Amino acid sequence: MSDTPVSEMSFEDAMRALEDVVNRLEAGDVPLEDSIKLYERGAELKAHCQKKLAEAEEKVAQITLDKDGQPTGTAPVHPQ
Amino acid sequence: MDLFEDKPGDNAPEFSVSEISGAVKKVIEGEFGRIRVRGEVGRVFQARSGHLYYDIKDDKNVLACTTWKGQIGTLSVRPEEGLEVVVTGRLTTFGAQSKYNMNVDEMAVAGEGALMAMLEKRKKKLEAEGLFATERKKPIPYLPEIIGVITSPQGAVIRDILHRLRDRFPRKVLVWPVAVQGDRCAPEVANAIRGFNALTPGGALPRPDLLIVARGGGSIEDLWGFNEEEVARAAADSDIPLISAVGHETDTTLIDFVSDQRAPTPTAAAELAVPVRLELLAWVEAQEARISRAGQQMIERRRDRLRDLSRVLPKPDALLFEPRQRLDRMDDALPQALIRLTERKSASLAQLTGAVRPAMLRTKVTAARERLETRAARLEPLIRQVHDRKSDQLQQLERLRTTLGYQATLQRGYAVVRSGDQIVTDASDAKKAAELEIEFRDGRVPVGSGKKSSTKAGRSDPSDQGSLF
């Protein structure tokens, strides 16, 4: 189990951690006290994953360039 | 022309060098105009001024070519030694060196075969540098936050990518507009890759954590910009993971070899870039279900186990049954054991006492007695011998005594005078003595009574002998 707080985990790490928790719980050889901790961690990881999935926002911008090809800012994109 | 034909010789007109040089230039430029020449690029030299000098050759001849600095931008390929090209331009002369050459303003690779040959050459070169190595490839982030797309801001490609992203997992997208064909393509794409990498995370322009370089299908010439070394090197140097999606599935450009992942189409690039959100949501739900199922099963399993264990747990009575039985058996066996022990002990006692029988003692005593008798029998003659020898000695001594003693003297008529116990040898003593006794051969006579000791005649006292001397 990594020491990274769940709230700072990337989606992928949280996903992997969640899968690990589930596998260990399903294996059923975890002592009861530990399994309660695992259970709580699983719930936390799940909430984090769901939060990450909820943050699905589309935002498209086009970079504006000066004459030397250096970026100056962004402009909205409207591809037809 | 007439002049030469009519009268060759002395009357021929005389030109200055510059005149003839100018005339030749006029003829050459006028005669050929704008032409196309096919050949292989030979030596290439770019002067410090920026002008390009190179040769186009075939197996016998060489054509010197120039492309001025200002013209280079219009070339669709840069001259590269060994490349089969078709150059377009005008023939001209360089009078200062008595040379003619071709000013080239357009260069095209001569056919696909030649293009592919050049691409192979570049590929070998970059591969030799290790730029294609698998260990250089960076993993594509599972769920990028910001995706940088390098492509034309118009057209189907960016539309397809944005659509597919929206379907799967809407993300923040930064589009860096570039020319995707022509001579501006390669430098712009390379600049865009470098430009995205130069952004700082969290800056005004956020740095993407994934790049997609995309272009739709086209001819090999259309796609050629993505075969340029400049583009391939920029992609190889990118710290941000990069997906290349240039042309259709069958088109492979140089950037595909150095990118971290190659997508067959722009749409496929979007699919590689993000997972499907709904699937992930379903997956998370499934995990939750698995967790609660596992939790339930865990409790059930433990409850079952507890029940099983308590079922096989023996009753206290049953636990005592066996020890109690054993105790009874011991109790029974104890007296028996005691008796057996006594028996065993008396048996060994009997064995020991058997060794001390009276008969044996008797034998020993008899033997000792016999030994004693034998020895006693041997002792008797010895004692007798000793006794005989001693009595012989005694008789001898007796004889000697009687021979030497005073009694023998008495036989010869001598007498012994005594006063009491004292021997009287002097007459003076005899006169003083109150009573005297005279011993003769056959007894003693007191002088006076003189009869007292007559019976004691012959009796001798060895202690009296000393008085004789």
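What follows is calculated from the coordinates using simple rules that are stated; it is not laboratory data. Since we're looking at a predicted model, the values are computed, not measured. Here Cβ is always computed from backbone atoms with ideal geometry, including for glycine, and neighbour counts include all displayed protein chains.
Remarks
- Structural descriptor for chain A: relative contact order 24 percent, calculated from alpha carbon pairs under 8 angstrom and at least 6 residues apart.
- Between helix B:185-198 and chain B: long-axis angle, C-alpha atoms, 0 to 90°, nearest 10: 40
- Here is how the number arises for chain B: DSSP H runs of 4 or more residues each give -39500 (n - 2.57), the sum is divided by the residue count, and the result at 222 nm is -16500 deg cm²/dmol.
- In chain B, Cα pairs under 8 Å separated by at least six residues give a relative contact order of 8 percent.
- Here's the list of lysines a cross-link from A:Lys51 could span, going by alpha-carbon distance under 20 Å and ignoring same-chain residues fewer than 8 apart: A:Lys59, B:Lys172.
- Note that region B:100-113 has calculated 3J(HN,Hα) couplings of 10, 7, 10, 8, 9, 10, 8, 9, 10, 6, 7, x, 5, x Hz, one per residue in order, obtained from phi through the Karplus relation 6.51 cos²θ - 1.76 cosθ + 1.60 (θ = phi - 60°); glycine and proline are x.
- Theoretical FRET efficiency, 1/(1+(r/R0)^6), r = Cβ-Cβ of B:Phe440 and B:Arg371, R0 51 Å, to 0.05: 0.25
- Using the average count of surrounding beta-carbon atoms within 10 Å as a protection proxy, the listed peptides B:397-404, B:125-132 rank, highest first, as B:125-132, B:397-404.
- Where both bridge residues fall in chain B, DSSP classifies roughly 65% of the beta bridges as antiparallel.
- Within chain A, helix-based [θ] at 222 nm, where runs of 4 or more DSSP H residues each add -39,500 (n - 2.57), nearest 500: -17000 deg cm²/dmol
- Förster radius 56 Å - calculated FRET efficiency between B:Asp237 and B:Arg305 (Cβ-Cβ, nearest 0.05): 0.40
- Candidates A:Gly69, A:Gly28, A:Gly42: whichever shows maximal mean-square fluctuation once chain A is modelled as a Gaussian network with Cα springs under 10 Å: A:Gly69
- Computed over chain A with a Gaussian network model linking Cα atoms closer than 10 Å, the most mobile of A:Glu57, A:Glu44, A:Glu12 is A:Glu57.
- Per-residue mean of C-beta atoms belonging to partner chains within 10 Å, peptide A:65-75: 4
- Spin-label model distance (nm) - B:Thr409 vs B:Ile20, 7 Å beyond Cα toward Cβ: 21.2
- Anisotropy class of region B:148-280 from Cα gyration tensor, a/c 1.5 cut: oblate
- For region B:228-321, the list of chymotrypsin sites (Phe, Trp or Tyr not before Pro) that fall in a loop by DSSP and count at most 13 other C-beta atoms within 10 angstrom is empty.
- Counting only alpha carbon atoms, the long axis of helix B:17-32 and the longest principal axis of chain B meet at about 90°.
- With all projection directions averaged, the alpha carbon convex hull of the protein assembly as shown covers 99.1 nm².
- Considering only beta bridges that DSSP places wholly inside region B:17-110, some 95 percent are antiparallel.
- Chain lengthening between B:Lys57 and B:Asp331 when straightened (0.36 nm per residue, less Cα-Cα): 86.3 nm
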